[in-house]
Each structure stands twice: as C-alpha cells, then as structure tokens.
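In what follows, a structure is listed as structure tokens, so that the remarks can point back to it.
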Amino acid sequence: IPDLAGNLLNSIPIPAAIQADDVLPDVTGPELRAFELDLNAGELRVTFSEPVIASSIEPTGFILQSKRDATFFMDEIYMLSTGVATSPNGPRIAIRFEESDLNGIFAVTALGNTAEDTYLIISNISVQDISMNQAQSVPLTNAVMATAVIPDTNAPRLLSYTLDMDIGLLSLSF
C-alpha cells in the first residue's frame, strides 16, 4: 500500500506481527438492503448489509405489504409462517416457503403483482448475523420495495377431492 508520497508499506513477517491495542466486537445487527419475491418458486431472496446465519431465519419476522407505509392498509399485508433458508451463510439468503404461505400471498390481491406493490418489513427476530446480533427492524411505515417480483406461472394442481353423494356436493382442493 503506497502512502501519499508513493512509498510502499514494508511488510511485517508473521513472527514479528504487532498485537492490536484493542479489538471492538461487532455489535450492529444486519440491515435489510434489498429483496426479490419469486412466486413461481415460492422463494424470498433477501440481501443484508453483512453476512447472516442461514439457520437463524425466523419466517414470522418477514412481513410483505403492498405499500411502503401500510399503516392504513393492514388488510394488504402478509406475515410468512413457514420457511427455511436454502442457501449458506452470507449476505444474500434464499428462503423457501410452503404452499400455505404462497396461497396466503395470493389471497392478498393487492400484493405481489409487481415490484411497485411489493414491500418487505422485518422484525429483529428475523435473522442473526455471524456475531449473533439480531437484525435491525424495518418499520411498517418505511418498508423496502422489491427489486423484482417473479410471477407464478405454475398451472393449478388438483390435490384432492371429496364427493358427497348424500347432498350432491363435489369439493375440490387445489
């Protein structure tokens, strides 16, 4: 590394290493930077300001909403209830959620159509960084807008059906 006069820094061999006077631990939790919602794969891909522990993901700490400030739009939010990280520790984590969450997101028709109507807030329980600091909360009034929303292109699948001949009712479950 050169100084302002162009003089290079002399290297210090390992046996002559200089001990630090002080080491300050990381006490700042990770900040939500960006996210993508993939409705085709049932996945939320979240980017933080620093590496996080994938196994510390708490799905209920992630809440999708249709507006940056959802104070007066509480019927246009959805809190994840399932989800597991499918990526290793790092600043970018993919969270795959179950069909129940996917259907819950679809039920909020004002949400998840485009990036402009898809925002995310997180609570401090959502994830921890490598130093075990909890995430910095993003409030309901200042959500982060999606960088991308990948629409669902999967055709519906019939999961089960029930035919009640006594009352003449066919119930289909997709």
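Of note:
- Per-region count, region 133-174, residues in contact (Cβ under 8 Å) with a residue 40 or more places away in the chain and in a loop (DSSP other than H, G, I, E, B): 14
- Hey, G90 out of contact with any strand residue (DSSP E or B) (no Cβ under 9 Å at 6 or more places or on another chain), over 17 Å from A41 (Cα atoms), surrounded by fewer than 18 Cβ atoms within 10 Å (Cβ to Cβ) and among the small types (G, A, S) or not: no
- Candidate set: region 10-43, residues that are exposed (fewer than 10 other Cβ atoms within 10 Å of the Cβ), among the aliphatic types (A, V, I, L, M) and under 29 Å from Q128 (Cβ atoms); chosen: the one farthest from the chain's Cα centre (by Cα): A20
- S100 vs. criteria among the small types (G, A, S) and assigned to a loop (DSSP other than H, G, I, E, B): no
- Scanning region 117-172 for residues that are over 29 Å from the mean Cα position of the chain (by Cα) and either of a type in the set (G, A, S) or under 21 Å from I57 (Cα atoms) (or both) yields a count of 3.
- Residue match in region 155-162 (condition: at pLDDT 95 or above, farther than 15 Å from R33 by Cα and out of contact with any strand residue (DSSP E or B) (no Cβ under 6 Å at 6 or more places or on another chain)): no
- Those residues of region 55-83 which are open to solvent by less than 10 Å² (accessible area, probe 1.4 Å) and over 14 Å from F97 (Cα atoms), in sequence order: Q65, S66, A70
- Any hit, region 110-125, residues being in a loop (DSSP other than H, G, I, E, B), within 18 Å of R33 (Cα to Cα) and open to solvent by 60 Å² or more (accessible area, probe 1.4 Å): yes
The values are calculated or read from the model by the stated rules, or taken from the named source; none is laboratory data. None of the values given here were measured: they were computed from a predicted structure. Please note: Cβ atoms are built from the backbone with ideal geometry, for glycine as well, and neighbour counts cover all protein chains shown. Accessible surface areas use protein heavy atoms only, side chains included; no ligands, DNA or RNA. Shrake-Rupley method; radii C 1.70, N 1.55, O 1.52, S 1.80 Å.
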